[in-house]
Each structure stands twice: as C-alpha cells, then as structure tokens.
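Heads up, the thing below is written out as structure tokens.
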Amino acid sequence: MNLRRDETPRRICREMRQIRKKRKDRKEGKERKRGRHECARWCYAVRKRSAQHMSKGKHIIIDIGHARGTGARGNGMEEHARCEIIAGHLADKLRAGGYAVTVLDYPDSTNRADLVATVKAANGISRAAFGISLHMDAASTTVEEVDEEGEIFVRHEVNPEPHGAHVCYVSNTGKRMAEAIAKWLCTLLPGRASKAVKRGDLYILKQTRAPWVLVECGFITNPEDAATEPQQIAECIAAGVRHYFEEAI
Ligand SMILES: [Zn+2]
C-alpha cells in the first residue's frame, strides 16, 4: 500500500508512532542520539501489515497432553502419540509464521508428574505470549449387566458417536484465544454445542502464568475425528493463533 506523505493514513502501527515521536523529540532537541528505529520506510499499516509486526517473535508454548500411554485410546490410537504428531506440525507452522515455539513433553512420567513439570517449565519461560495444551476427547457409555449369580456389575463401553473439537480457557485473554482457535478448528471438527468452554477446574489453566488454552482436538473414539489429518488440525490451530494476534492489535 503506497500512500503519499501528505495523505492521511487510515491506520498507523505502533512502530510508526515510535518513529514519529523520536523524530519530534529530536527536532525539539529532547533526544540527540539516534534510536534503533531509524528505518526510513513509512509504515502506514493496513491491518494485515500491523499484524505481521505484532506476530514476530511472540513466544508460544505447546504442551503435549498426558504422559505416553496414560491418556485416552480409540480407533487404534493413543492420545499422547496423536497429540505429539499434531504438536510437531503446529510447531513447524508457527515457527514458519515468525513465532518462537517451545514444546513441552514429559512422555516417560505419570499424568500428575507431567502436569507439574509442564507448569513449572511454562512458568519459567519469561514473556511467553500463550500456552496451548493439546488433548483428545474420549466417550464411553456405562452398561449394567447381571452375571450368572444375579449380581449387577457395570461395564464401560466405547461410544463412537460423540464427535467434534472444543477449546477450554479460564481467563478473559484465554477466552479470546479459545474463540479464535475454535472458529477454525470447529469448522474442521464440528459436533460440540459449546466450542469455547470456561473451565476453572483444569490444573494447567489455573496454575500457568501465561494465558493458556486447552484444545480438545476431537474425539479419539469417533472414527471420523480420529481419521482427520493431524496436519489439518495443526493448520486450524495455527490459523486461530494468527487470527488472535491480528484481532488483538
Ligand atoms: Zn487428555
């Protein structure tokens, strides 16, 4: 977008405001040293251009949910293994978009130890812009049966019907990120009535300092959800992240 200097720009990004202030200060003799933002380019920013400035260098933490073999199972898959693949694609896509990414994973521990270690590591990363935990839902039905001696016992059976993704949050910032991710992900994996859900009971959401969301990437017990390409799921989450930072300007 090329604008002449005498035209009024529709939108001026933060970087441009800093450059203008420094120029004004220098003119008035307030600042003699040349600052870092000495680029001569006129950064009349349309929304998209500003978004690029805002996204660069943001630090995103990706948490692979559960320890290996301790999450949900279905359709020949295991939750940690599937989330690990999604995390790999998501990290690649975010890095390609200019974000710094840290992937947290403690595969050889227990669920509790994995959670505690994840929170400790996440809170040790200064200036993390966001945390994203990756999980998959599972559904089962309870079946009551009577054995030969007339005793009732309960059996849990996989229920392949429930399907669809949703995103959990606890803070207001988390809500905006959850809605941005859900907008894309729930189009790929529809089925849940509530796409962004406030969950004050989830340890990872409560204990982490950075804003955090927990993404349930569909049901591992539903054949269609389980057959969805991890790469597509990662693309939807990455699109949500980009969308969030563009809207947050
Ligand atoms: Zn899970």
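Throughout, read-outs are computed from the coordinates displayed, never taken from laboratory work. No experiment lies behind these values; they were computed from the predicted model shown. Glycine gets a Cβ as well: all are built from the backbone with ideal geometry, and neighbour counts include every protein chain shown.
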### Task
Sort the following peptides by mean Cβ neighbour count (other Cβ atoms within 10 Å, averaged over residues), highest first: 209-217, 190-198, 158-166.
209-217, 158-166, 190-198
### Task
Name the residues whose placed amide hydrogens come within less than 5 Å of the amide hydrogen of residue 196, ignoring near sequence neighbours (fewer than 5 apart) on the same chain.
167
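Starting from 0.36 nm per residue, how many nanometres of slack lie between residue 70 and residue 117 once their C-alpha separation is accounted for? Could you put the intermediate results ahead of the total?
Numbers: separation 47, 0.36 × 47 = 16.92 nm, distance 1.57 nm.
Taking residue 70 through residue 117 to full extension adds about 15.4 nm, to one decimal.
Counting other beta carbons within 10 Å of each residue's own, what order do 155, 176 fall into, fewest first?
Ranking 155, 176 by Cβ neighbours within 10 Å, fewest first, gives 155, 176.
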### Query
Hey, what do the phi angles of the range 63-68 turn into as Karplus ³J(HN,Hα) couplings, whole Hz, using 6.51/-1.76/1.60 and θ = phi - 60°, x for Gly and Pro?
10, 7, x, 6, 8, 4
#### Entry: Likely footprinting exposure, 177, 77, fewest C-beta neighbours within 10 Å first
77, 177
### Query
In debye, nearest 20: dipole of the range 55-247 around its Cα centre with unit charges on the Cβ of K, R (+) and D, E (-)?
1720 debye
### Task
Apply the Debye scattering formula to the range 182-249, with a single equal point scatterer on each alpha-carbon and no solvent, then give log10 I(q)/I(0) at q = 0.16 Å⁻¹.
-0.65
